[in-house]
1. Would you call Met225 among the hydrophobic types (A, V, I, L, M, F, W, C) and buried (at least 21 other Cβ atoms within 10 Å of the Cβ)?
2. Would you be able to tell me the number of residues in region 284-316 that are part of a loop (DSSP other than H, G, I, E, B) and either free of Cβ contacts under 8 Å to residues at least 24 places away in the same chain or in contact with a Ser or Thr (Cβ under 7 Å, 6 or more places away or on another chain) (or both)?
3. Taking into account only those residues within region 643-676 that are among the hydroxyl-bearing types (Ser, Thr, Tyr) and open to solvent by 40 Å² or more (accessible area, probe 1.4 Å), which is farthest from Ala749 (Cα to Cα)?
4. Give all pairs with beta carbons closer than 6 Å in which a residue from region 738-750 that is over 21 Å from Glu688 (Cα atoms) and aliphatic (A, V, I, L, M) meets a residue that is open to solvent by less than 10 Å² (accessible area, probe 1.4 Å) and outside any strand (DSSP E or B); count only pairs at least 6 apart in sequence or on separate chains.
5. How many residues does region 490-507 hold that are touching a helix residue (DSSP H, G or I) at 6+ places or on another chain (Cβ under 7 Å), open to solvent by 10 Å² or more (accessible area, probe 1.4 Å) and not aromatic (Phe, Trp, Tyr)?
6. Across region 274-286, what is the total count of residues that are out of contact with any Pro (no Cβ under 6 Å at 6 or more places or on another chain), open to solvent by 20 Å² or more (accessible area, probe 1.4 Å) and of a type outside the set (Lys, Arg)?
7. Picking from Leu230, Leu272, which residue would you name as being in a helix (DSSP H, G or I), over 30 Å from Asn155 (Cα atoms) and not charged (D, E, K, R)?
Amino acid sequence: MESNCTAPKHGLEGDADLNFLLVGGELIKIRSSSWKRNRFFKLQEDCKTLWFESHKTFRKNQTFSIDDIESVRKGRQSEGLNKHTDPSVEEMCFSIIFKGRKKNLDLMAANGSEAKQWVSGLDKIIHNMRNLSRQQKSEHWIINCMRKADKNADNKMTLKELKHFLRQVNVEVDDTYAAEIFKTCDTSNSGSLEGEEIEHFYDLLTHREEVDVIYGKYAQTEGQMSSKDLLNFLLTEQMEKVSMEDALKLIEKYEVDGTAKQNKRMSKDGFLMYLHREEGSIFNPAHKQVYQDMHQPLNHYYISSSHNTYLMEDQLKGPSSTEAYIKALMKSCRCVELDCWDGANGEPVIYHGYTLTSKVLFRDVIKAINDYAFKTSDYPVILSLENHCSVDQQKLMAHHLISILGEALLTKPVGNTMPSDFPSPEGLKGKFLIKGKRLNKLDAALNNNNSTLEEDTVSEEDEAADCKENGHKSKSKKSKIKLAKALSDIVVYCKSVHFSGFEHAKDCQVFYEMSSFKENKAFNLAENSGTAYIHHNIDKLSRIYPAGSRTDSSNYNPVPMWNVGCQIVALNFQTPSKEMHINQGRFLQNGLSGYVLKPEFQRSLSSQFDPNTGPWLKRKTFYVMVISAQQLPKINKDKHKSIVDPLVRMEIYGVPADNASKETHYIDNNGFNPMWNEKFQFNIHVAELALLRFVVEDYDSTSQNDLIGQYCLPLSSVQNGYRHVPLLTKRGDVICSAGLFVHLMLVDAQ
């Protein structure tokens, strides 16, 4: 239990940046132009906690975990630093960005060199912590809890301290059992555990009986797994298409015992290491990279999309911020919304019109988008403009878009010829597309038939596609606004038009003319005209957005919209919810690119598929056994005697026939290593559209269960066999040491 830095320090021994953080130093904490205070910051010896002094009378010292940090930004890259500091101190500034809604920590060092060391050192620690296996994180979490339980820091553990430790790791045992464990380990009969006795206690505590059973079944070579035994396990249980060469590679990669590795065998420790790494994860590691064909037309993909992206909270009085755009883009969101209104001093602003939400400059938003759009994905970003500005401020909007985004802004069709289809995500890498109103059709622009007028009028809502020659009457909106030609001209592949029915769209709309649908209308169309909606989305884009009544920024279920091929299914990214978990699961695959290729039956005009009625193509049966969980977090951390009573629920989301939910029984007072061994079966009609969500809850007989953790992924990305399932918080952040252990089989239905 001695203080050490082993986990996050791995590979950084003697590193100058790490040593700099351990010594610590003075930084200026910045909250506003008038509030700037010197504070001492220092990385603690565990290398997982940052300490800083506070001048608050009730809290002199404060700490936060490195694990709570989402990222560290060098320079004046936060809204606060950009607003409250001078450009001359750019090199001295940096920001610590936290997960969730915790405010950024804006800091300034004495000089650029020190700022660089702070950023570099923190980045190294964060990177190392994130690259630890779940097993390593688990070990260090337990050791840290042991250290906290050792109240007098004598590196010994009394029976009282052992009981306190067990409650910390979320397991309740009666006094008799605790005394038995203690007596078993106290071989010296000294009344306290130390040294090897603590190691023995740790081994007893972390023993994985369920893994022993699996390992014992296949370890047929002097108590260990030979390469042949391992191959047998991979083929039989994991249902993988592998060879002896693959088995040998796993031994070389994960075996921790030198003699076993030399003999081409895998010990139990090596086997456990394999199960905790990506090869043993539920999520197919091949899907962590871009693995789909990215050369299809843009509308053949689901596109990760945000609604009212500028909002940090609710739709009525919450703050608007560039930070909201950064967070969405860093989550690979590829379509963001900009609600544009006339602002003071001739500068357009973004906010939720006619409400008390705060305002942010359009120019600052475009700068933030330009800086962060392609950090996590190279694929194109669509800027969806809701334009309520005067012509003069529209011209300024166009100027900002062109001057800030530069050549990354698409202002003409690819190839400078009249297209008949969308370009591909691959062909639009690193590009910005503007979605908005346009005064004329693309062919007019390419043939230099542009009107010389600097402005003209269009519908304030959406334009109606003009199709009188085909016998369709266009619906005209009463409310009109003036549209600046400069802004109109940079709308290329995403021209907003009013939806007047599928037949009208088929006969009248050009492929680049797209409609937006409020959720209620979209759900009605999906339910009553599923096949027609799919055909509409085969050559056009559709955007779905939440109803205006969702003032709390809640979300609708995106799955029925994906079922009919809608591409831009916009959600409130700022609201942690089941719907956002599902969205995160949908876009977990394909390298977190923000683009997922739709199934073939949603891309072929010959398809007669209807998500409500079929025809069903390849039915599957999905078998799930929930075996155990490890190190679930405590829900009520303020009450040290509070222990969770966990249950696991599995939810399938897809076509209506596939939607299902099944759960285990709950286990009393054990969040550390609960065991279920419960089996479930799901009948799957359309596996290509199905998503699997695990939910772990703390059972409560008198009130609603509390969420402990969750994880969602496409059923097509699930690996068969014995797998570990990571768990995420409500906000979608990884819970470091926690997880589930399951057995899965997705097979063709008989």
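The values are calculated or read from the model by the stated rules, or taken from the named source; none is laboratory data. Predicted model only: the values in this text are computed from it and were never measured. Cβ coordinates were reconstructed from backbone atoms using ideal geometry, including for glycine residues, and neighbour counts include every protein chain displayed. Heavy atoms of the whole protein, side chains included, go into the accessibility calculation; ligands, DNA and RNA do not. Shrake-Rupley method; radii C 1.70, N 1.55, O 1.52, S 1.80 Å.
1. yes
2. Restricting attention to region 284-316, the residues satisfying the condition of being part of a loop (DSSP other than H, G, I, E, B) are 284, 289-297, 307-310, 312-316.
Now restrict to residues that are either free of Cβ contacts under 8 Å to residues at least 24 places away in the same chain or in contact with a Ser or Thr (Cβ under 7 Å, 6 or more places away or on another chain) (or both): 284, 290, 294-297, 310, 312-316.
Summing the residues that are part of a loop (DSSP other than H, G, I, E, B) and either free of Cβ contacts under 8 Å to residues at least 24 places away in the same chain or in contact with a Ser or Thr (Cβ under 7 Å, 6 or more places away or on another chain) (or both) in region 284-316 gives 12.
3. By that ranking, first place goes to Tyr666.
4. Cβ pairs passing all conditions: Ala738/Leu632.
5. Total satisfying the criteria: 1.
6. First pass over region 274-286, keeping only residues out of contact with any Pro (no Cβ under 6 Å at 6 or more places or on another chain): 274-277, 279-286.
Restricting the remaining residues to those that are open to solvent by 20 Å² or more (accessible area, probe 1.4 Å) gives 276-277, 279, 281, 284-286.
Those left that are additionally of a type outside the set (Lys, Arg): 276, 279, 281, 284-286.
Going through region 274-286 one residue at a time, the tally reaches 6.
7. Values: Leu272 fails: over 30 Å from Asn155 (Cα atoms).
Leu230 is the lone residue from the list that is in a helix (DSSP H, G or I), over 30 Å from Asn155 (Cα atoms) and not charged (D, E, K, R).
For (1) assigned to a helix (DSSP H, G or I); (2) crowded, with 16+ Cβ neighbours inside 10 Å; (3) at pLDDT 85 or above, each residue gets a yes or a no:
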residue	(1), (2), (3)
Glu2	no, no, no
Ala7	yes, yes, no
Glu26	no, no, yes
Lys29	no, yes, yes
Phe52	no, yes, yes
Arg76	no, yes, yes
